[in-house]
Every structure is written in C-alpha cells, then in structure tokens.
1. Find out how many positive minus negative residues lie around Val161, taking Lys and Arg as positive, Asp and Glu as negative, among other residues whose Cβ is under 15 Å from that of Val161.
2. Two decimals is fine: what is log10 I(q)/I(0) at q = 0.10, 0.12, 0.21 Å⁻¹ for the range 109-248, from a Debye sum with one equal scatterer on every Cα and no solvent?
3. Testing the spin-label approximation: label points 7 Å from Cα along Cα→Cβ at Lys156 and Asp100. State their distance in nm.
4. Please go through the range 70-167 and write out the GluC sites (Glu not before Pro) that DSSP classes as loop and that have at most 14 other C-beta atoms within 10 Å.
5. Working only with C-alpha atoms, what are the Rg and Dmax values of the range 406-467, expressed in angstrom?
6. Test of the criteria: in the range 326-432, which trypsin sites (Lys or Arg not before Pro) are in a DSSP loop and have at most 15 other Cβ atoms within 10 angstrom of their Cβ?
7. Show the residues, 5+ positions off or on another chain, whose built amide H is closer than 5 Å to the amide H of Lys150.
8. Under the rule of at least 5 residues apart or a separate chain, name every residue whose amide H is placed under 5 Å from the amide H of Val51.
Amino acid sequence: MGLLIRGGEIVTADSRSRSDIFIEDETISRIGIGLYAPPGTQVIDAAGKLVFPGFIDPHVHIHLPFMSTFAKDTHANASVSALIGGTTTFIEMCCPSRHDDALDGYHTWKQKAEGNSACDYAFHMAVTRYDATTEAQLREIVRDGTASFKIFLAYKNFFGVTDEEMFHTLKLAASLGVITTAHCENAELIGQLQQLLLAAGKIGPEWHEPSRPESVEAEGTTRFATFVEQTRAAGYVVHLSCAPALRAAVEAKSRGVKLYVESVLPHFLLDKTYAERAGVEGMKHIMSPPLRDRRNQAELWSALNTGLIDTVGTDHCPFDTEQKLLGINAFTQIPNGIPGIEDRVNLMYTYGVKRGRLDLHRFVDALSTRPAQIFSLFPRKGTIAVGSDADLVVYDTAYRGTISAATQHGINDYNGFEGFAIEGRPSAVTVRGKVQVRDGVFVGEPGRGRMLRREPQYGAQEVDYAH
Ligand code: URP
Ligand code: ZN
Ligand code: ZN
C-alpha cells in the first residue's frame with residue numbers, strides 16, 4: 001500500500017513548491033502536482049501545511065553513565081519524544097568512560113538501541129582513552145558503519161582526553177576519512193577554578209558558569225581547531241555556546257581548516273540567569289558548556305542564519321530533580337545536562353523562523369540537511385527527493401501551544417523550557433514511509449527504527465611528517 005502526501009508546500013534547504021509526494025515501500029517514488037493515488041493508497045491531506053524533510057538531531061545522549069548516575073531515558077521513550085517533535089533520526093553519543101573498554105561499550109550502546117528505537121539512529125563513537133588497543137578497535141567500529149568520533153576536552157579522568165590522545169585520535173580519523181566531533185573546553189582550567197570556588201564556599205549552581213567561563217571554551221575551540229589543522233582531519237565543534245568560541249571557530253574556518261560548528265537549543269533560548277535561580281530550579285539548567293550571558297544569543301542567531309554555525313542539535317541529556325539534587329552541596333556534583341529532543345524543531349521554528357531571526361530554508365538546512373551531509377547520511381536523509389527515505393514532517397503552522405513537563409512525552413519530571421509558547425508543530429511524521437505520529441500522538445510502530453550505517457566521506461589524509 002502506498003502513501004500519498006497531498007497538496008502540501010514542500011520546503012527543503014533550497015527550494016519551495018506546492019506538490020504531492022508519493023511513497024512506495026520506504027522511499028519517495030514520485031513528486032508532482034495531482035499525483036494519482038491507486039486504490040488502497042493511504043492519503044494525508046497536507047493542504048495549508050508545510051512539508052519538511054525529517055529532522056535530524058546530531059547530538060543526543062540516551063544511555064549515559066555520567067556523574068555517578070545514568071541519564072534518565074530509554075531508546076523507546078526518547079525516540080517517541082523525538083518523533084512527536086519532528087525528529088526522525090538522531091545521532092547518539094556512544095560514551096564509554098576512559099575506564100571502560102571502548103569496543104565493549106560500543107556493543108552495549110548498540111544493544112540498548114536495537115529493536116527499541118521508533119526512529120532511525122546512528123552513533124558518534126567517543127574516544128575517551130587512546131592506548132595500544134584503540135586503533136584496531138576504532139577501525140572495527142568504523143567498518144561497522146559508525147563513521148564519526150567524539151572527543152571531550154573536559155571531564156578530566158572520565159571522558160576527557162589529553163592533548164596527546166586528541167592528536168592520535170585526529171591522526172587516525174584523518175587516515176580513515178572519518179570526522180571527529182569535540183566538546184571544546186579546557187579540563188585543567190575548569191578543575192582548578194572549581195576547586196578555588198568551592199574552597200571559597202561558592203557551592204550553588206550559579207557558580208557553574210564562572211567555573212567554565214567563555215574564554216575557557218574559546219581556548220578549547222582554538223586548540224581543537226589547531227589540532228584538526230595540523231593533522232589534516234575534519235572536525236566538528238559540538239554545542240558551541242558563546243561569541244568568543246564562535247570567533248575562534250570562524251577564524252579557523254576562514255583559514256581553511258575543515259571545521260564545522262554545532263550549537264544546541266538551550267544556548268539560543270536560555271541564559272545563565274536560569275542557572276542562577278535558587279536551589280534545584282537553578283540545577284535543572286546546569287549543562288556544559290554552561291548557559292551564558294544573554295548578549296551571546298544575538299551572535300549565535302546571526303551566525304546560524306548566515307551559516308557560520310552549520311547545525312543545531314539538542315545535546316538532549318535528561319536528569320530528573322532527584323538526580324540534580326546530587327549537587328546540593330557542590331555545583332560540581334550536579335549532573336550536567338538539559339533535555340530537549342522533543343522541543344528543538346518547534347522552538348527553533350517559533351523563536352527563529354517566526355521571529356525573523358532564521359530564514360526558513362536555513363532552518364531546514366541546519367536541523368536536517370547539514371547534519372545529513374556532514375555525517376554521511378545525505379541524500380538518503382536530509383532532503384525530499386525521489387529515492388530518498390520517506391522521512392517527512394507535515395507541519396501545522398497554525399498550531400499554538402505551550403511547552404510543559406505536564407504534557408511532554410519525555411520521562412523526565414521537568415522541562416527546561418517550561419512555559420515557552422510554540423507556534424507550530426508536526427501534524428504528521430513518517431519514518432521510511434510509515435506514519436509514526438499524528439497531531440502530537442504516537443500512532444506508529446515502536447522499535448521500527450534502524451541503525452544507519454555510514455561510510456567515511458572525508459578522504460583519507462596521510463600526512464608525510466618526514467618532509
Ligand atoms: O552538559 C552536558 N552537555 N551534558 C552532556 C555531556 C556533554 O558534555 O555533552
Ligand atoms: Zn559536551
Ligand atoms: Zn553532549
């Protein structure tokens with residue numbers, strides 16, 4: 001049985017037209033006006049609605065042992081939340097710590113997701129230690145279809161790598177043609193500043209931002225870009241939060257470093273005053289890099305609109321109130337992370353496109369097409385074209401609602417964006433041709449999602465250091 005999406009306004013990263021879309025099996029087979037629907041075809045009336053390619057969240061945490069606890073999510077739950085919000089593919093950070101075996105960790109993450117996700121997914125493989133076994137393990141993981149790495153220049157002695165380990169990771173990544181994503185801060189400076197603040201009795205969540213100021217992120221960004229440049233690797237800065245780090249990334253891009261930039265939902269809409277709220281209310285807004293001074297937001301929006309920021313993810317990472325309270329006596333113990341997988345598309349549409357900060361096509365580009373292109377998923381994902389997977393979002397721009405923990409589908413007991421109005425939401429969401437969501441309700445098949453196997457695309461770079 002086919003599926004016909006009739007009469008919608010198709011919006012991609014570079015085009016807009018009113019057309020029907022016909023889907024056979026899992027892919028788009030025809031696009032045109034007045035398409036014939038054979039008997040038995042399921043028809044979705046998209047008149048008056050926008051039709052977007054399924055959105056891709058390039059940065060989420062679902063299974064995550066971190067800061068003496070576990071992120072509070074399952075693949076079943078997170079994927080349904082993602083789909084209700086219009087995200088049809090996510091890329092999860094596979095993050096064994098430096099005390100774990102990387103390959104064992106990779107298999108654990110795969111097993112957790114397999115058969116449980118309602119949408120498609122892939123992994124970034126975190127390299128949290130680099131020793132004699134690492135190269136062979138990473139080669140096996142890349143052969144298995146995971147064509148991106150992740151390194152942390154923060155979280156010393158847990159996820160964090162040394163500069164030496166960063167160098168070896170990037171050198172291997174360059175030779176394999178895979179891209180390396182990086183959390184860019186300075187682990188040593190953060191550790192020292194944390195100790196000074198705690199020793200001075202500054203224990204509340206409002207001291208989290210001063211313990212990792214903007215210059216610390218800018219330094220990490222500059223250092224990562226320099227290592228990317230010298231190893232001829234491809235790099236991707238995750239969750240860039242502030243103007244000084246943006247300047248560092250843009251400077252590197254402009255001298256030809258192959259560097260992509262992601263910013264995440266919280267940094268566009270929330271500022272450090274949220275983390276300065278008393279008690280657990282502040283703790284709910286602790287993430288790293290921290291929520292920043294509000295003046296950064298205009299620069300992030302502008303850089304996003306012009307494409308200097310390539311992509312928008314969520315860094316979805318839910319910890320509930322009880323878990324946040326682990327940091328009641330020291331801000332350094334508050335589990336870092338803010339959930340957002342359900343809200344990214346609606347909030348970026350409302351506060352970006354509707355408020356005139358973000359061009360509609362750039363919105364599609366940053367939330368779908370660029371993630372697909374950068375992470376070897378394009379044109380299977382990230383566009384609406386004959387032959388592409390039929391991951392589609394029929395978007396109702398007339399919908400009005402308010403974000404609230406009371407109505408969200410995530411299992412966390414709060415929502416960091418509580419009370420934000422939204423002006424639009426998906427009215428239908430398909431994954432490979434199957435309708436998974438109708439008007440905020442999951443109507444599909446749990447566990448239907450597949451792991452997306454990806455090929456290295458950056459061209460192997462073997463630098464001859466002898467000459
Ligand atoms: O605070 C955050 N961002 N938590 C998740 C781990 C990370 O750094 O991405
Ligand atoms: Zn991070
Ligand atoms: Zn993250």
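Bear in mind these aren't lab numbers, they're just calculated from the coordinates by the rules spelled out. Treat the numbers as computed from the prediction; the structure is a model and nothing was measured. Here the Cβ is made from the backbone with ideal geometry for all residues, glycine too, and neighbour counts use every protein chain on show.
1. Values: positive: Arg98, Arg129, Lys150, Lys156, Lys171, Arg223; negative: Asp100, Asp131, Glu135, Asp163, Glu164, Glu165, Glu185, Glu188.
Once all neighbours under 15 Å are counted, the net charge is -2.
2. Normalising to I(0) and taking log10 leaves -0.39, -0.55, -1.21.
3. 2.3
4. On the way: sites: Glu92, Glu114, Glu135, Glu140, Glu164, Glu165; in loops: Glu114.
Within the range 70-167, the qualifying GluC sites (Glu not before Pro) (loop, at most 14 other Cβ atoms within 10 Å) are Glu114.
5. Reported Rg and Dmax, both Å: 20.8, 63.
6. On the way: sites: Arg344, Lys354, Arg355, Arg357, Arg362, Arg380, Lys381, Arg400, Arg432; in loops: Arg355, Arg357, Arg380, Lys381, Arg400, Arg432.
Hits after loop and neighbour filter: Arg355, Arg400.
7. Amide H to amide H, under 5 Å and 5 or more residues apart or across chains, Lys150 pairs with Met125, Ala126, Val127, Thr181.
8. The answer is Glu9, Ile10, Val11, Tyr395.
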